[in-house]
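Q: Pasting in a structure now, in structure tokens, and then I'll have a few things to ask.
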């Protein structure tokens, strides 16, 4: 029997209806001059990313579930993902929406302009509403020029206070080019870099925290030098203990694959996944409280990772296989 995961976002009563928009999967128009795309809500994130890349453009929202997550779902949950620091949430990338209300009324607010003060901004009502006000069926989205260079590093940190120091240090040192700041607690890092996981550890196990850093900039050689210099300063100031810098696109992809290999939490049981937003100053005590509370239950393990830079943590709580009723009670 395969492992199962409960996110509860699609739970419904027996009297309810489940609506799938997966057949609404057409990218209708790309305007490279305006840098805007119009697409149906069932288009997957990766489908959009790959299509606009052919025109030298990028849609900067990025998630580990990019191959299955749809644009309508991204919009209705106001998804953030890996690059919120530089590009913002889904809310910052949606220019307009078409939505259908419960009575069949179609709201057409497919605005193609970044600045539009003509009346109420109706799209904001639907972004993050999770379908409670209406079903998003089409979207107009803002695109960006493809980043000419991407610098990446994985660093080891000995304390959460140093994680917070590192965020400010790198953001300041890179002059606003920091695009991702992903933190992996030590036990999660060990899980995703130990067999049966396919990745091996670029840095040794045993550090309390590992931080995945990414910057998007120009192709100028100074970008790499500035990134390396900021890391050297962090090492000199005792903010980080160790670091490895990606030297190619392939190595960048490998570092991201470590972060994205959440499937490892299903190795020995079922799993419940939680997405929690809270101030950075509250994270350390909150994680400690969660793990202390779970230690008193029948849960087997709890792993933590997430987008600390924008105040968003993920908890993967493993429970014994078949413990569906217990999992439901814990929601």
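Q: Could you give me the residue pairs with C-beta distances under 6 Å whose first residue belongs to the stretch 243-261 and is more than 18 Å from residue 216 (Cα to Cα), whose second residue is in a helix (DSSP H, G or I) wherever it lies, and which are 6+ apart or on separate chains?
A: Within 6 Å, the pairs are 243/231; 258/192; 261/192.
Q: Condition first: surrounded by fewer than 15 Cβ atoms within 10 Å (Cβ to Cβ), touching a residue at least 40 places away in the same chain (Cβ under 8 Å), touching a strand residue (DSSP E or B) at 6+ places or on another chain (Cβ under 8 Å) and assigned by TED's automatic domain parsing to the domain that holds residue 316. Can you find one or more residues in the stretch 207-216 that meet it?
A: No: zero hits.
Q: Do we find that residue 146 is surrounded by 12 or more Cβ atoms within 10 Å (Cβ to Cβ) and within 30 Å of residue 226 (Cβ to Cβ) in this structure?
A: Answer is yes for this residue.
Q: Answer with yes or no whether residue 42 is at pLDDT 90 or above, in a loop (DSSP other than H, G, I, E, B) and not assigned by TED's automatic domain parsing to the domain that holds residue 175.
A: yes
Q: Does residue 231 qualify as being in a strand (DSSP E or B), buried (at least 16 other Cβ atoms within 10 Å of the Cβ) and either touching a strand residue (DSSP E or B) at 6+ places or on another chain (Cβ under 8 Å) or modelled with pLDDT of 95 or more (or both)?
A: no
Q: If you go through the stretch 1-22, how many residues are at pLDDT below 60 and in a loop (DSSP other than H, G, I, E, B)?
A: Within the stretch 1-22, residues that are at pLDDT below 60 and in a loop (DSSP other than H, G, I, E, B) number 6.
Q: With the requirement that a residue be touching a helix residue (DSSP H, G or I) at 6+ places or on another chain (Cβ under 6 Å) and at pLDDT 95 or above, what does the stretch 45-73 give you?
A: 59
Q: Being within 22 Å of residue 86 (Cα to Cα), touching a strand residue (DSSP E or B) at 6+ places or on another chain (Cβ under 7 Å), at pLDDT below 95 and exposed (fewer than 14 other Cβ atoms within 10 Å of the Cβ) narrows it down to one of 277, 248, so name that one.
A: Exactly one residue qualifies, and that residue is 277.
The values are calculated or read from the model by the stated rules, or taken from the named source; none is laboratory data. Note that the structure is predicted; figures quoted are calculated from it, not measured. Neighbour counts run over all protein chains shown; Cβ positions are idealised from the backbone, glycine included.
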